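Trainee: So that we are looking at the same thing, I have put the structure below in structure tokens.
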Amino acid sequence: MNIQINQQLVSACQEIKEQTSCDWKTFKQAYHISKMKSTQGERLASLAFLPELQPMPHQKEAAEKVLHEMHGRAILADEVGLGKTIEAGLILKELMIKGLVKKVLILAPSSLIRQWEQEMNQKFFIPARAKHRSYDWTLYEVAVSSIDLAKKSPHQEEILQQDYDMLIVDEAHRLKNSQTKNYQFVKKIKATYCLLLTATPIQNKLDEIYNLVQIVRPGLLGEKKAFKQELKKDPETQEAMKQLIQTSMVRNLRKETQNQWTERNIETIYAQFSDEEQAFYDSIDNKQSNHALTQLTMKRGFCSSREACFQMLAKNQTQHAIDRINELKELPQHAKAIQMMNFVKELGEKCIIFTEYKATQIYLQWVLHQHGLLAVTYNGDFRKSKKQWMLHLFETKADVLITTDAGAEGLNLQHCRNMIHYDLPWNPMKLEQRIGRIHRYGQTRNVQIFYMILKNTVDEKILNLLYDKLDLFEGVVGELDQILSDIGVGNFEDEMKEILSESSSEQEASIKLDNLIEVAKSHQSERKAFNETS
Amino acid sequence: MKQADIQSFLIDFFTSRQASIVEKSDGILTVKLTEQLDEQLMNRPFYWQYVKKLGKVGETMSVTFITDEEKRDQQKGEWIHFGSPRLDQIFHIIQREGAYTVLYEDCQSNSTTKTPLHPWLICNIRVKYRGFLSKDELVSVGIRLIDGTMRFQMMDEIEHKNFASSVPNFCFTLPTIISTERAVERVTEELQQRIKQKSTHFVNKSHRLYEREMNMLKKLIIDDEKDDAEHQRAKVQIFERLYPQVDLEWINLGYFYVSEQMSKELIS
């Protein structure tokens, strides 16, 4: 077997000899500095330069693996809260120390730009700067920008002219569709090294991972058509394909990491509708004009707040809707909101509240305010500066942060340890995403999670059917979507809605759900190989 | 080097480059730079361009470096530590300046008979492995330019010896017999031989993975002629990544003239 040796030592020697001769001490120092900057065996050289950073074992391993075995091009797909940014920072720092990387482009959702800037500067001493509109791209050594800004003209053209040493894309699952402008733009960026960060490399279909791999290692999986055919073949071929994907992906699961996570306590808090509210709620079922699924959506809305329900009704201009709105107006303050407000007061600590509805967000803020609690809201519609201001207020002044799922993506809120799920999401994966905001790398205290549940409503049904059953999965929840997509069940969220709305009794729904979980479980072991890092 | 050693390292760096130490206390160091250091470190090319155009003498900057973390907030100055860009800048200056040397053993002979010094070439080389994994290794090889005798781990051996930049009194240098080019060639050949011998596992594993990915690629190409460029790219990519390769690069090199005694020690 052969090894290829590349060297031009003789000709390079002529160049060196043209320099002025140095003294003995400088010669020795130059040698020692080079030694310090090179890998000592398998260890990272950058750690010597980052005395204050104490990465967890899985983070170090991930960085080593990407550097030594994946040549700096990889998908970092750890579960939420395991510190993908730390891994990316370590890799970047290592390559910068070795002089292999100077010019860097970091693409992140606009809400996370500041966070990236801070972490790179404070933890890694990497001079990352957020891209300012009036400065040229060429002036930045390490630029942080949103894809939305970067893909606009004239930015796109300027970026595509640059030769980057390193490209980092955060929340890279946004690139799963190869037809989108975002994807095509990112694929065209020239970069020697490339890291894609996502906690959910596959959300629905395996194609998605194909598209991500196409960016980090073009051609690795061959043509898409062939790739899909291979996947349909025997388990052995499938296994080979998975192994191939693993050569460019690092994925750590929370349960596999060895460090001591702080504990996670989960508690359910029950509220009870007032009689008037219960009557309104029950009447949703009786209105025959509505489709089962619409009824379910309406019920969920009403379990959240009158305002959320109102917004759904307001879309229709029918006489029926107008009547219902008038009925809504007569109802007292929402029982769950009042219950929650009391709970927050008792708790006496900062907490984060998640809701699925923007209307509820504002209502809750009002309710809390009425009782002397300062709450700030946060959602995906806010501008970057407003988002940052809200987070700052939450950290320094406010008692409560009320946020939606879309808004909170990728945020680090480990300074807070309490989280209230005012509405339970259909998709348990979302729940994991939410909890990951506080139960993550850097959290020093035990984390408290609270579900707010209205008795005798769809809230309770979801809790009983979905969450209690899923606890049996012991942490597989995060992969459930992937498991289901593997066996041809489309979107988990849709599947759940269908089961709940079409079952005539709770027992029926329960049985259907059991079946679904059974099927998923039997595929779990196959799935596992995929997620293992080695 | 630890954080506590940084201050003495800085003092050494600046004084040996003729900068003056303005103030020095525990963890705090103020230095008045020389023009050359100012240009190298302070990144203000417009100022220097302007001053030189006007034919004036520029005013160099004074910089305060804080090495004790507890004093960071007490005093104005730069917090300097491992990983700080400033220290890295300084490292780069040393690496650049330290690329080449000609040195003589500092033998304090007071005999009237002249001492001959034997010529050695020291090659410090970075060996970068690329294949199923990438890693680097530093090698230090000395070769005697009289007969081509080689010695590895050269730097470790001479680390604590003294060398001067000019020929000491009562010493003279022996002429070289082997040319520099030939010496470097021989060092390279020997190095290649050693790399091949010790990396069979690395080579085998890399080859195996390389073949596996190539085969997988062949399987995946349905219509080989459709997009040949794309497939070629994929093949090149796999080759670059997995085919076992080694890059050899200079760290620095130097001519060392040593006494017969040291020359013998180095060979034994």
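Trainee: Among (1) in a helix (DSSP H, G or I); (2) more than 8 Å from every other protein chain (Cβ to nearest Cβ); (3) within 24 Å of A:PHE125 (Cβ to Cβ); (4) open to solvent by 50 Å² or more (accessible area, probe 1.4 Å), where does A:SER11 come up short?
Mentor: Only one criterion is unmet by A:SER11, namely (3).
Trainee: Looking at (1) out of contact with any strand residue (DSSP E or B) (no Cβ under 7 Å at 6 or more places or on another chain); (2) without any contact (Cβ under 8 Å) to a residue 60 or more places away in the chain; (3) surrounded by fewer than 21 Cβ atoms within 10 Å (Cβ to Cβ), can you tell me which one A:LYS123 breaks?
Mentor: Only one criterion is unmet by A:LYS123, namely (2).
Per-residue answers, yes or no, for (1) in contact with a strand residue (DSSP E or B) (Cβ under 9 Å, 6 or more places away or on another chain); (2) at pLDDT below 90:
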site: A:GLN317; (1), (2): no, yes
site: A:HIS320; (1), (2): no, yes
site: A:ILE325; (1), (2): no, yes
site: A:PRO332; (1), (2): no, yes
site: A:ALA335; (1), (2): yes, no
site: A:VAL344; (1), (2): yes, no
site: A:ALA359; (1), (2): no, no
site: A:HIS369; (1), (2): yes, no
site: A:THR377; (1), (2): yes, no
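Trainee: Do we have B:LEU33 as in contact (Cβ under 8 Å) with a residue 12 or more places away in the chain, open to solvent by less than 30 Å² (accessible area, probe 1.4 Å) and touching a strand residue (DSSP E or B) at 6+ places or on another chain (Cβ under 7 Å) here?
Mentor: Judged against the criteria, B:LEU33 is a match.
Trainee: Now a separate question. Every residue in the range A:201-218 that is open to solvent by 10 Å² or more (accessible area, probe 1.4 Å) and not in a helix (DSSP H, G or I), please.
Mentor: A:GLN203, A:ASN204, A:LYS205, A:LEU206, A:PRO218 - these are the residues of the range A:201-218 that are open to solvent by 10 Å² or more (accessible area, probe 1.4 Å) and not in a helix (DSSP H, G or I).
Trainee: Further, regarding this structure: From the list A:PRO154, A:PRO127, exactly one residue is away from chain B (no Cβ under 14 Å), more than 21 Å from the chain's Cα centre (by Cα) and not basic (Lys, Arg). Which is it?
Mentor: A:PRO154
Trainee: Say we look at the range A:26-83 and pick out the residues that are in the same structural domain as A:LYS98 (by the TED database) and small (Gly, Ala, Ser); which of these is modelled with the lowest pLDDT?
Mentor: Once the filter is applied, the top-ranked residue is A:GLY81.
Trainee: Still on this structure, please answer the following. Has the range A:429-438 got at least one residue that is at pLDDT below 85, polar (S, T, N, Q) and over 30 Å from A:LEU149 (Cα atoms)?
Mentor: no
Trainee: For residues that are in a strand (DSSP E or B), of a type outside the set (A, V, I, L, M, F, W, C), open to solvent by less than 30 Å² (accessible area, probe 1.4 Å) and more than 7 Å from every other protein chain (Cβ to nearest Cβ), tally how many sit in the range B:116-144.
Mentor: Number satisfying all stated conditions: 5.
Trainee: Of all residues in the range B:12-40, which are more than 14 Å from B:THR67 (Cβ to Cβ) and assigned to a helix (DSSP H, G or I)?
Mentor: Matches in the range B:12-40: B:THR15, B:GLU35, B:GLN36, B:LEU37, B:ASP38, B:GLU39, B:GLN40.
Trainee: When you look at B:LEU133, is it modelled with pLDDT under 95, within 24 Å of A:LYS35 (Cβ to Cβ) and in contact with a Ser or Thr (Cβ under 7 Å, 6 or more places away or on another chain), yes or no?
Mentor: Considered against the rule, which asks whether it is modelled with pLDDT under 95, within 24 Å of A:LYS35 (Cβ to Cβ) and in contact with a Ser or Thr (Cβ under 7 Å, 6 or more places away or on another chain), B:LEU133 comes out as no.
Trainee: Could you please find all residues in the range B:145-174 being over 22 Å from B:GLU249 (Cβ atoms), assigned to a strand (DSSP E or B) and in contact (Cβ under 8 Å) with a residue 60 or more places away in the chain?
Mentor: Once the filter is applied, which keeps residues that are over 22 Å from B:GLU249 (Cβ atoms), assigned to a strand (DSSP E or B) and in contact (Cβ under 8 Å) with a residue 60 or more places away in the chain, the range B:145-174 yields B:PHE163, B:ALA164, B:CYS171, B:THR173.
Trainee: Can you confirm whether the range A:166-186 contains a residue that is at pLDDT 85 or above, within 14 Å of chain B (Cβ to nearest Cβ) and either over 19 Å from A:TRP116 (Cα atoms) or in contact with a helix residue (DSSP H, G or I) (Cβ under 7 Å, 6 or more places away or on another chain) (or both)?
Mentor: Scanning the range A:166-186 turns up no residue that is at pLDDT 85 or above, within 14 Å of chain B (Cβ to nearest Cβ) and either over 19 Å from A:TRP116 (Cα atoms) or in contact with a helix residue (DSSP H, G or I) (Cβ under 7 Å, 6 or more places away or on another chain) (or both).
Trainee: Looking at the range B:21-30, can you tell me whether even one residue there is of a type outside the set (A, V, I, L, M), within 14 Å of chain A (Cβ to nearest Cβ) and open to solvent by 30 Å² or more (accessible area, probe 1.4 Å)?
Mentor: no
The values are calculated or read from the model by the stated rules, or taken from the named source; none is laboratory data. Computed from a prediction, not measured in an experiment: that's the story for all the values here. For neighbour counting, all protein chains shown are included, and Cβ atoms are generated from backbone atoms with ideal geometry for every residue, glycine included. The accessibility values were calculated without ligands, DNA or RNA, using every heavy atom of the protein model including side chains. Shrake-Rupley method; radii C 1.70, N 1.55, O 1.52, S 1.80 Å.
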